[in-house]
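Read the structure below first, then the notes.
The values are calculated or read from the model by the stated rules, or taken from the named source; none is laboratory data. This structure is a prediction, so every number in the text was calculated from the model and none was measured. With ideal geometry, Cβ positions are generated from the backbone for all residues, glycine too; neighbour counts draw on all protein chains shown.
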Amino acid sequence: MITYFNTITPTEYHTLLETQKRDRFPYEWARRQNNLGITYSNHIGGEQADNLEAAIDSFQEALKESKIR
């Protein structure tokens, strides 16, 4: 699965998150937020600290949806 995560860039995940809104697709949205977090944590480009901060933000957003259910 890690290979799959590395084939989609953070920008592509952000595009997916824009097309599948949280209120209409909550499960898919949370799953993509989680996958975005994994992608950021493995991302080579940019500053590592920035990538890890973005990963944490994405994981926290995914958790917000799981707390609602």
Can you pull out the residues in the range 8-27 that are more than 11 Å from the chain's Cα centre (by Cα) and within 22 Å of LYS67 (Cβ to Cβ)?
-> GLN20, LYS21, ARG22, ASP23, ARG24, PHE25, PRO26, TYR27
What are the pairs, 6+ residues apart or on separate chains, where a residue within the range 51-64 that is in contact (Cβ under 8 Å) with a residue 40 or more places away in the chain has its Cβ under 6 Å from a residue that is surrounded by 14 or more Cβ atoms within 10 Å (Cβ to Cβ)?
-> ALA54/TYR40
Helices (runs of 4 or more DSSP H) enclosed by the chain - at least 1 residues per element that are modelled with pLDDT of 90 or more and surrounded by 12 or more Cβ atoms within 10 Å (Cβ to Cβ) | 26-42, 48-68
